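Student: Please find one structure pasted underneath; my questions will follow.
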Amino acid sequence: MNAAPVLAAYTALVGIAAPHLLLRSGWPHRAPALAAVVWHALTVSFAIGAALTVYNLAMPTEHLHAGLVGFLHACGLHLDGGPPDPDATHRLAVALPAAIGTALAASFAFHVVRARRARGRHRQALDLVGRRSARLCATVLPYDTPAAYCLPGRHPRIVVSDAAVRRLTPDQLGAVLEHERAHVAGRHHLALAAMEAFHSVFRRLPLARHAREQTALLLEMIADDRALRSHSRDALATAMYEMVAARVPKGAFAVGGHAALIRVQRILGPCQAPHPALWSSVAAAAVAVPLLPLLVACPPGLG
């Protein structure tokens, strides 16, 4: 039996229904790192499901379990040393899903390179107008509004305005700098670039839109939690309030931003970690979800 109808239904479920269920859940903001992993797992699962759906539609008479060898043959890999498969249908069945993977990889590379170039241009401007502070381990920028952001990548740079240095207390400024260090250490720009790439390829898909928006918010929450390990909640919340109106360059992570109100409410609200059973279940689901399309296309026991 061909698995295309089941795969198509599963892919639609992941791409349309799953994002709304996740948005209605209350646990993601209590475990932002785990929630970010779940969003990435859903995008990977959708991409695999879409590729396998296209493959099964192009090969309606074969089951993937038997077709995996043909899949490898069409790619030029011959496990039995036999001659290449000349079947044009087989090659088309491989080319279509391969195009999905190629588009995602190319989009990811494009967003990474574009952001890197933008950050590079901004670093050059910082070298001209900013001054390096050894005490803060940051670049101080002459700007009359409290602001702080980081430029991640190979040559990371944390930037803080001189207005922030003047107006914020030492604890508030320390919380801000720790927040930015968390972005740099976690390589959050790569996680965000992956979501940007997925959104570029599947622009009209609800999963693509929500995954990009939620990942950006969750990464900020992850950095908030890192800052709260060594600084008070009041200090970080007050600093965010002071910086909510600050503008930052493209490709940078900032303490403020349009989601600052949600984050302040989370920081000052009751802190309750998810139950270990829930955490374990969601973590197991995040690992299993990308594998489900393979199990649907190739159920165990079929030869």
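Student: So LEU173 fits all but one of (1) in contact with a Lys or Arg (Cβ under 8 Å, 6 or more places away or on another chain); (2) over 27 Å from ALA31 (Cβ atoms); (3) aliphatic (A, V, I, L, M); what number is the exception?
Tutor: (1)
Student: Can we say VAL159 is touching a Ser or Thr at 6+ places or on another chain (Cβ under 9 Å) and outside any helix (DSSP H, G or I)?
Tutor: In short, yes.
Student: Still on this structure: I'd like the full set of residues that are at negative phi and charged (D, E, K, R), limited to region 155-198.
Tutor: Hits for region 155-198 are ARG157, ASP162, ARG166, ARG167, ASP171, GLU178, GLU180, ARG181, GLU196.
Student: If you scan region 150-186, which residues turn out to be basic (Lys, Arg) and over 19 Å from ASP224 (Cα atoms)?
Tutor: ARG154, ARG166, ARG167
Student: Out of the helices (runs of 4 or more DSSP H) lying entirely within region 1-62, which hold 2 or more residues that are more than 14 Å from ALA211 (Cα to Cα)?
Tutor: 4-12, 32-58
Student: Turning to a different aspect of this structure: Could you pull out the residue among ALA148, ALA194, ALA175 that is out of contact with any Pro (no Cβ under 6 Å at 6 or more places or on another chain), under 26 Å from VAL44 (Cβ atoms) and of a type in the set (Gly, Ala, Ser)?
Tutor: When all the criteria are applied, what remains is ALA194.
Student: Which of the helices (runs of 4 or more DSSP H) found entirely inside region 190-290 contain at least 3 residues meeting this: modelled with pLDDT under 90, under 21 Å from PRO152 (Cα atoms) and of a type outside the set (A, V, I, L, M, F, W, C)?
Tutor: none
Student: Here's a follow-up. What number goes with the only condition from (1) crowded, with 19+ Cβ neighbours inside 10 Å; (2) modelled with pLDDT of 90 or more; (3) part of a helix (DSSP H, G or I) that PRO97 does not pass?
Tutor: In the conditions (1) crowded, with 19+ Cβ neighbours inside 10 Å; (2) modelled with pLDDT of 90 or more; (3) part of a helix (DSSP H, G or I), PRO97 misses (2) alone.
Student: Being surrounded by fewer than 22 Cβ atoms within 10 Å (Cβ to Cβ) and in contact with a helix residue (DSSP H, G or I) (Cβ under 9 Å, 6 or more places away or on another chain) narrows it down to one residue among ALA185, ALA175; which is it?
Tutor: Every option except ALA185 fails the conditions.
Student: Still on this model: Here's a check for you: in region 107-146, which residue that is surrounded by 13 or more Cβ atoms within 10 Å (Cβ to Cβ), of a type outside the set (D, E, K, R) and within 19 Å of the chain's Cα centre (by Cα) is farthest from LEU173 (Cα to Cα)?
Tutor: This residue is SER107.
The values are calculated or read from the model by the stated rules, or taken from the named source; none is laboratory data. All figures in this text were calculated on a predicted structure; none of them were measured in a lab. So basically every Cβ, Gly included, is an ideal-geometry build from the backbone, and we count neighbours across all protein chains shown.
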